[in-house]
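Everything below concerns the one structure shown next.
The values are calculated or read from the model by the stated rules, or taken from the named source; none is laboratory data. Computed from a prediction, not measured in an experiment: that's the story for all the values here. We place every Cβ from the backbone using ideal geometry, glycine too, and count neighbours over all the protein chains shown. Accessible surface is based on the protein model in full, side chains and every heavy atom, while ligands, DNA and RNA are left aside. Shrake-Rupley method; radii C 1.70, N 1.55, O 1.52, S 1.80 Å.
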Amino acid sequence: MDNQKVKWGILGAARVNERLLPAIVEAPNSQLVAIASRRAGAAKATLEKYKPGTDGVTYYDDLDSLIADSNVEAIYCPMSNEEHAEWAFRAIQAGKHVLIEKPMTTQLADIGAIEAAARAMGVTVMEGFMYRFHPQHAKIKALIDSGLIGDVLSCRASFSFLMQPARMYRITRSMVDGGGAMWDIGPYAIHALRWAMGLNNSAQNGVPAEPKKVVAYGKLNEHGADVVASGILDFGADAQGRARYGHFDVSFERGRKAEYEIIGDKGWIKCHNMWAYPTDDPIVSWEAGGKTETLVLPKANHFNLEIEHFSDCVLNKRAPLLTFDDAKGNCRAIEMVLAALGA
């Protein structure tokens, strides 16, 4: 392996490449060397669309050829939710490091199998929650660690966008088969709740909290996919017997929203845009002790920061920020939500 850059391959021409592909090209410790798609010509078209002028990239019209490419050291897997496990496992068996677009898998047992394979092959694997790499969340954690809002007792996460015709494939298969809002934008909401409820809590020590019970309601379409889902995660009482709930709301029927609010016994903190673009001003507001403040933080590109982090982990043999235990916890919580929805 080159000591300076990780050589990347992209396994699929998914739309998320609009953000991830340029991030791989632009990261100082990464180099895009290959991209594959099962659709003839789609790999080349994807690169020309999202990062034209990039040289030295090999194009494949099948996925196995990219996995077998000895020049590829790490693979980004942005395929359909239900395909993540199969193709990530194939890549790991070929000795590749793998960044798997969220959700890591749609079956909890598959995560354990991927973890075992990754350890056996000595490769790095991480679930791709790009938002965690944006500095605004570190700022929020620092404010909570300072005791600003006291003990964290509740969190609300709301994620939505209006489904466009080009994205209808996301809801043409059932929840059981990886379709619907909970497997698409739901992982962000559940992940944010688990992360927030683990903050400033001595029992958790910063480790994401896991729900004990779930209540959920949803609207299912004719394919058995949820287009709207809302519910409550019960994280159990704290040491003082106070209830700790996480509220989520995800929808394909509403305007774009990606926010969460953390409420403590002394105040609250809100992240106004978890999906902040590099051109957006990240805004964090809070209220505590009778004082309200809005902070406009420096702009950042969380996709670029995610790729830089993963490549650094590969190059320097560091453990990634997002662990297998975290991936298991998120999958388990989503499965609890889907069970409550009748899946």
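Miscellaneous remarks
- Summed over the range 306-333, the residues that are among the charged types (D, E, K, R) and either in contact with a Cys (Cβ under 9 Å, 6 or more places away or on another chain) or open to solvent by less than 30 Å² (accessible area, probe 1.4 Å) (or both) give a count of 2.
- Taking every residue in the range 62-85 that is farther than 24 Å from Met168 by Cβ and pairing it with any residue that is assigned to a loop (DSSP other than H, G, I, E, B) and modelled with pLDDT under 95, at least 6 positions away or on another chain, the pairs with Cβ-Cβ distances below 6 Å are Glu73/Met1.
- Meets criteria (of a type in the set (D, E, K, R) and open to solvent by 10 Å² or more (accessible area, probe 1.4 Å)) for Arg194: no
- Note on the range 210-264: enclosed strands (runs of 3 or more DSSP E) holding 2 or more residues that are among the β-branched types (Val, Ile, Thr) are 213-220, 226-234, 257-264.
- Number of the exception - Ala85 against (1) in a loop (DSSP other than H, G, I, E, B); (2) open to solvent by 10 Å² or more (accessible area, probe 1.4 Å); (3) under 26 Å from Trp275 (Cα atoms): (1)
- Looking across the range 263-272, the residues that are crowded, with 18+ Cβ neighbours inside 10 Å and of a type outside the set (A, V, I, L, M, F, W, C) come down to Gly264, Gly267, His272.
- Single match in Asp238, Asp177, Asp249 (criterion: among the charged types (D, E, K, R) and either open to solvent by less than 10 Å² (accessible area, probe 1.4 Å) or at pLDDT 95 or above (or both)): Asp249
- Of the residues making up the range 273-305, those that are under 30 Å from Gly241 (Cα atoms) and buried (at least 16 other Cβ atoms within 10 Å of the Cβ) are Val284, Trp286, Glu287, Ala288.
- Here Ala109 does not fit the description of being buried (at least 20 other Cβ atoms within 10 Å of the Cβ), within 18 Å of Leu338 (Cα to Cα) and of a type outside the set (D, E, K, R).
- Only helices (runs of 4 or more DSSP H) whose full extent lies in the range 93-205 are considered here, and the ones with at least 1 residues that are touching an Asp or Glu at 6+ places or on another chain (Cβ under 9 Å) are 108-121, 181-184, 186-197.
- Tally of residues being small (Gly, Ala, Ser) and open to solvent by less than 30 Å² (accessible area, probe 1.4 Å) across the range 115-146: 3
- For Ser30, the test of being polar (S, T, N, Q) and buried (at least 23 other Cβ atoms within 10 Å of the Cβ) is passed.
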